[in-house]
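Novice: Submitted below is the structure of interest, expressed as structure tokens.
The values are calculated or read from the model by the stated rules, or taken from the named source; none is laboratory data. Just so we're clear, the structure is a prediction, and the values are computed from it rather than from any experiment. Positions of Cβ are backbone-derived with ideal geometry, glycine not excepted, and every protein chain shown enters the neighbour counts. Accessible surface areas use protein heavy atoms only, side chains included; no ligands, DNA or RNA. Shrake-Rupley method; radii C 1.70, N 1.55, O 1.52, S 1.80 Å.
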Amino acid sequence: MITITRQSKDWLKAVLAYVLAIAFVFSPWNSWIQSRCYGNVVLVTVIQSPSKTVGNYLDSLFLLLVTMCFSSALFAFIQAVVGTSYTGMAFVLFFTVWIFSTIRTFNLQRYFVASLVAPLFAFSAIASIVGVVGKNTTDGALFDENFLISTLESYMIGVAICTAVNLLVFPDFAESHINELLLSVLESISALSTSVIACVDGSETDKEAYAAGNKKRTDLVLKIQTDLGKIDTTIDQATAEISYSHFSIKNYIRLVKGCKSVSAVLFSFQTALSTAGVQRLVSSPEFANQISVSMKPTWASLDSCLLKLLDDVSSKLNCLGSAKAKPELSEVEIQLALAKSVEATEMALLEFERHEPSAFLEVFADKADIAVGDLKPEVKASWDKLLHVTFFILASKELVKEVSTLHSDAAAMGKSKKIRMHLSHFIPTGLFRSHQRIPAVLASHYASQTRKSEKLYFIPSFNFRPQMCGCDSLSTNGSIQ
């Protein structure tokens, strides 16, 4: 069975639209418009790109139609009002190009068509008066009404061709791309989580294994960041679509927010693992012979719990509307997985508390030197190792909390299929939404990272007593005694 890739389908759609436009130009139907407007039909099929996703195409089409209405008024103004003055026409053309070039900088991809069409209308109006695009067709009047109507008709013919090809030939909905990207992000998060835990459980004690693991984690971080950036763009496109699906755009935004929170913890983890201090720690005899050995089963249990929760979120996204997907976990299994994750984290804390004195005896053997401020290099190195191991425990606790939150959000979504419409996407106040979201997202991410850093680097007391009340109950207070 021959499988046609998405790229091949998009190529076929683009070629088909272009061929239909050329066929119209050379068909008997070309008498509908003036011959000097034939190029507009081909131009629209090129710039409007019918191979876009449905949401991206409808958004671009909406902006094109709005721009055409404005450009028609601009065309009439140039010819009827300032048509007798070359200076006036030059000023209007300059101002039009400047305004739409500025608008294009807000979002290069989204406003490309609109920023091109308006200056072309203005240029056509001036060229018609000068006479370089053919004779006047409105009885010699300064305002060539017939030329404007023919120009609009040529654009609409191109729009009709592109719309028919985009919606009827292998339609590509943006929502399916969101699902694919989210599944890719969850897969990368699972791999990064496993790699991080492999580093802290003593599997990368030699330099070669550590270097290979660090490279793998760095690549995963870059992949997650790239996919999350694509998801933000694709969600903007999906808001222009009318779909019948389990998830709304708000649901997807919540899932993406959860993925970003989990990723932020893992990114902080990886940043710490990339430092020279951690390299010294994982290669030290204390870590290899005591800490990693005693806590390895705990880390393995924690890893399996996290993978199970992330796998359930992936199954939730993958199974709705798919008969081949893996079945979801039952409510009992979900609660057991969550409880097991919490218990595994508490065990990690208890194991750390139990084995910490034997691993760092020199820290407590020199209290007199510490009291007078005379810290030997060995003591400082021990405190540095202690800080890193403490960070591992606290970061794992935060990781469990964020993954559990993501899992809970996903479990509450997609109960039934509904018709999803987002008309607010097309209102004028939303035109610059994408441009305004960038600083907002960056500010939110920075604030989130700051709060996480404050939590992750806080050192717990050794008299910590966990309670089985959920992730939020794993709070710590106090200082090292």
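Novice: Grab the other residues whose beta carbon is less than 10 angstrom from that of residue 51, score K and R as +1, D and E as -1, and report the net. All intermediate terms of the calculation are to be shown ahead of the outcome.
Specialist: Numbers: positive: 6, 9, 13, 52; negative: 10, 172.
With Lys, Arg at +1 and Asp, Glu at -1, the neighbours total +2.
Novice: Let me ask another. Within the stretch 6-104, which chymotrypsin sites (Phe, Trp or Tyr not before Pro) sit in a loop by DSSP and count at most 16 neighbouring Cβ atoms inside 10 Å? Don't jump to the answer; show the numbers that get you there.
Specialist: Working: sites: 11, 18, 24, 26, 29, 32, 38, 57, 62, 70, 75, 77, 86, 91, 94, 95, 98, 100; in loops: 26.
Sparse-neighbourhood loop chymotrypsin sites (Phe, Trp or Tyr not before Pro): 26.
Novice: Placing one identical point scatterer on every Cα of the stretch 87-181 and ignoring solvent, what is log10 I(q)/I(0) from the Debye formula at q = 0.14, 0.18, 0.19, 0.24 Å⁻¹?
Specialist: Those come out to -0.73, -0.98, -1.03, -1.21, one per q.
Novice: I'd like the FRET efficiency for residue 242 and residue 139, computed as 1/(1 + (r/R0)^6) with the beta carbon distance as r and R0 of 30 Å, rounded to 0.05. Walk me through the intermediate numbers first.
Specialist: Values: r = 45 Å, r/R0 = 1.51.
Efficiency, from the Cβ-Cβ distance: 0.10.
Novice: For residue 419 and residue 384 in one chain, what is 0.36 nm times their gap in residues minus the Cα-Cα distance, to one decimal in nm? Spell out each step's value before the answer.
Specialist: Details: separation 35, 0.36 × 35 = 12.60 nm, distance 5.60 nm.
Working it through step by step, the gained length comes to 7.0 nm.
Novice: In whole Hz, what ³J(HN,Hα) sequence does the stretch 55-71 give by Karplus (6.51, -1.76, 1.60; θ = phi - 60°), x for Gly and Pro?
Specialist: My calculation for the stretch 55-71 gives x, 5, 5, 5, 5, 5, 5, 4, 5, 5, 5, 4, 5, 5, 4, 5, 5 Hz in order.
Novice: In nm², what is the average projected area of the convex hull enclosing the Cα atoms of the stretch 1-49? Before the final figure, lay out each step's value.
Specialist: On the way: hull surface 16.8 nm².
If you wrap the Cα atoms of the stretch 1-49 in a convex hull and average its projections, you get 4.2 nm².
Novice: While we're on this one: When N is the residue count of the stretch 121-167, what does its C-alpha Rg come to as a fraction of 2.2 N^0.38 Å? Show your work: numbers first, answer last.
Specialist: Details: Rg = 13.3 Å, N = 47, 2.2 N^0.38 = 9.5 Å.
My calculation over the Cα atoms of the stretch 121-167 gives 1.40.
Novice: Considering only protein heavy atoms and a 1.4 Å probe, what is the carbon-and-sulfur percentage of the accessible area of the stretch 158-305? Could the numbers behind the result be given before it?
Specialist: Details: 3580 of 5770 Å².
About 62 percent, which is the carbon plus sulfur part of the accessible surface.
Novice: Can you pull the three principal axis extents for the Cα set of the stretch 1-111, in Å, largest first?
Specialist: Here the spans come out as 65, 41, 17 Å, largest first.
Novice: Counting only other residues whose beta carbon sits under 14 Å from that of residue 116, what net charge do I get with K and R as +1, D and E as -1?
Specialist: Its environment carries a net charge of +2.
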